Amino acid sequence: MMLAEATLRLEVLPASRLSRLSGQGSVLGGVCFSHPARPLDGAGLPLLAVDMSLPAGEEAICEVWHCAEPLTSGRHGPIRYRQGDTLLYGCMSLDEAVPDDARAPLQAATEAAYQAIFELLEARGYRTVLRVWNYFPAINRESHAMERYRQFNIGRQDAFLSHGRSVVDNVPAACALGSAGGGLQIAFLAARVNVVGVENPRQLSAYHYPSQYGPRSPTFSRAGLVRLGGRDMLFISGTASIVGHQTLHHGDVAAQTRECLHNIAAIVAEANRQAPAAGFRLDQFAYTVYVRRPEDLATVRREMAQFIGAPVSVVFLQADVCRAELLVEVEASGGHAIGSGQADIPTADMPCRSTSA
Ligand code: 3EB
């Protein structure tokens, strides 16, 4: 029997089981969350250790991407990466050094980080950034007369502009969360195939947000739709209780969670309209949920369960979200394989097998 090959697989596993990964040549890279961040023995893999709290009593957790292509590892400036024929996963941690010009340190670090990403992708022939995960401490704190998330947005947009990239068309899906410590940490997934940006009809595109949210609009799309190995995959950006461009339900975490999920449902409907054969379903996605106040966790869990039922995978984390009044942010992806992959039986029919390191 010939199995449809899963080009991309997300595995969520406790950090304590990470050592098992080193022998698995299929690992592209990933992010591990713990508080404090624990050093990773990733055997040269692009794994990011992010300082972020988990629900009380929960073990440190990793979100690891696997790819069924022969993979090679490399370094470019601050970026550690791993690539196959169609996908490249990279990550980096940057200190917020004081630049020799008037820019705020976070703005300068962000610009440098995205410059490095675009240089690497241009050198390696990867056209599109599919998904970016952004983490940095004190995201809502004001410094240099501006909230740090807004400083980040300036640095990010400047890097897009200086590389001649559009800041509105097919920009990456993304998330931006406050970590509990460390520098600016960014992970990304890039592809040699085209990605279609999906917007949410309920929300103004973030790249068109008015200037009340900062001098530069955030450069991300609501979701990225990509076809890999004959399968449609959807990467949904961090999604919050925003309708139009306004935050709804101040102080009401249950209502904010429901609004997030209505937004995600709208994005999924839009993706199914653009890729009718995909048949994306909310309960078949893998979710990561960022909750600002630990005491809201039970409420967010309950609302998630009521809206979605039992999704295949959910990770809860405690983090600051990029507007001070937002209490929760939900991201999701689907269409790729999700799980430990133990059921993936290698067959001679596989056109390209993962190499064992
Ligand atoms: C929002 O919709 C909520 O700056 O990369 C969500 C996802 C948010 C990504 C980003 C920000 C980002 O504006 C915040």
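The values are calculated or read from the model by the stated rules, or taken from the named source; none is laboratory data. Values in this document were obtained by computation on a predicted structure and should not be read as measured data. FYI the Cβ positions are ideal-geometry reconstructions off the backbone, even for glycines, and counts take in every protein chain you see. SASA here: full protein model, heavy atoms, side chains in, ligands and nucleic acids out. Shrake-Rupley method; radii C 1.70, N 1.55, O 1.52, S 1.80 Å.
What does the charge count near Ile264 come to, summing +1 for each Lys or Arg and -1 for each Asp or Glu among other residues with Cβ under 14 Å from its Cβ?
So the surrounding residues net to -3.
Under 16 Å from the 7 Å Cα→Cβ point of Ala254, by amide nitrogen: which residues of the range 301-316?
Inside the label zone: 301-308.
What full-extension length gain, to one decimal in nm, is calculated for Glu119 and Arg293 as 0.36 nm per residue of separation minus the Cα-Cα distance?
Gain in length upon complete extension: 58.8 nm.
For the chain, which whole-number percentage of the solvent-accessible area (1.4 Å probe, protein heavy atoms only) is attributable to carbon and sulfur atoms?
Its accessible area is 51 percent carbon and sulfur atoms.
Would any residue of the range 87-122 have its amide N under 11 Å from a label point 7 Å out along Cα→Cβ of His144? List them or say none.
Under 11 Å, as judged by backbone N against the label point of His144, lie 96-112 of the range 87-122.
Taking H as built 1.01 Å from N, whose amide H comes closer than 5 Å to the amide H of Glu96, not counting residues under 5 places away?
Amide H neighbours of Glu96: Leu184.
At a Förster distance of 35 Å, what's the computed FRET efficiency of Ser340 paired with Asp85, Cβ-Cβ distance as r, to 0.05?
Here the calculated transfer efficiency is 0.90.
From the Cα gyration tensor of the range 55-209, with a ≥ b ≥ c the square roots of its eigenvalues, which class applies: rounded if a/c is under 1.5, or else prolate if a/b is larger than b/c, or else oblate?
Verdict is rounded for the range 55-209.
Run lengths n ≥ 4 of DSSP H only: what is the helix-derived mean residue ellipticity at 222 nm for the chain, with -39500 (n - 2.57) per run over all residues, to the nearest 500?
Calculated mean residue ellipticity at 222 nm is -6500 deg cm²/dmol.
What's the FRET efficiency of Gln306 with Gln284 using the Cβ-Cβ distance as r and R₀ = 25 Å, to the nearest 0.05?
0.90
Quote the relative contact order of the range 8-336 in percent (integer), defining contacts as alpha-carbon pairs under 8 Å separated by 6+ residues.
Contact order relative to length: 16 percent.
Could you please report the charge total around His336, scoring K, R as +1 and D, E as -1 over all other residues with beta-carbon less than 9 angstrom from its beta-carbon?
So the environment of His336 carries a net charge of +2.
In nm, to one decimal, how far is the modelled label at Glu58 from the one at His245, with both set 7 Å along Cα→Cβ?
3.3
Kindly report the accessible area of the range 8-336 per residue (heavy atoms of protein chains, probe 1.4 Å, no ligands, DNA or RNA), in Å².
36
How charged is the neighbourhood of Ala254? Take every other residue with its Cβ under 12 Å from the Cβ of Ala254, and add Lys/Arg as +1 and Asp/Glu as -1.
Charge balance near Ala254 sits at -1.
Provide the gained length on full extension for the span Ala269 to Glu325, in nm with one decimal, where the gain is 0.36 nm per separating residue minus the Cα-Cα distance.
Taking 0.36 nm per residue and subtracting the Cα distance, the gain is 17.4 nm.
Tell me whether the range 8-336 comes out rounded, prolate or oblate; compute the Cα gyration tensor, take square roots of the eigenvalues as a ≥ b ≥ c, and use a/c under 1.5 as the rounded threshold.
The shape class here is rounded.
Choose one answer from Arg127, Arg20, Arg231: the residue with the largest mean-square fluctuation in a GNM of the chain with alpha-carbon springs under 10 Å.
Among Arg127, Arg20, Arg231, the largest GNM mean-square fluctuation belongs to Arg20.
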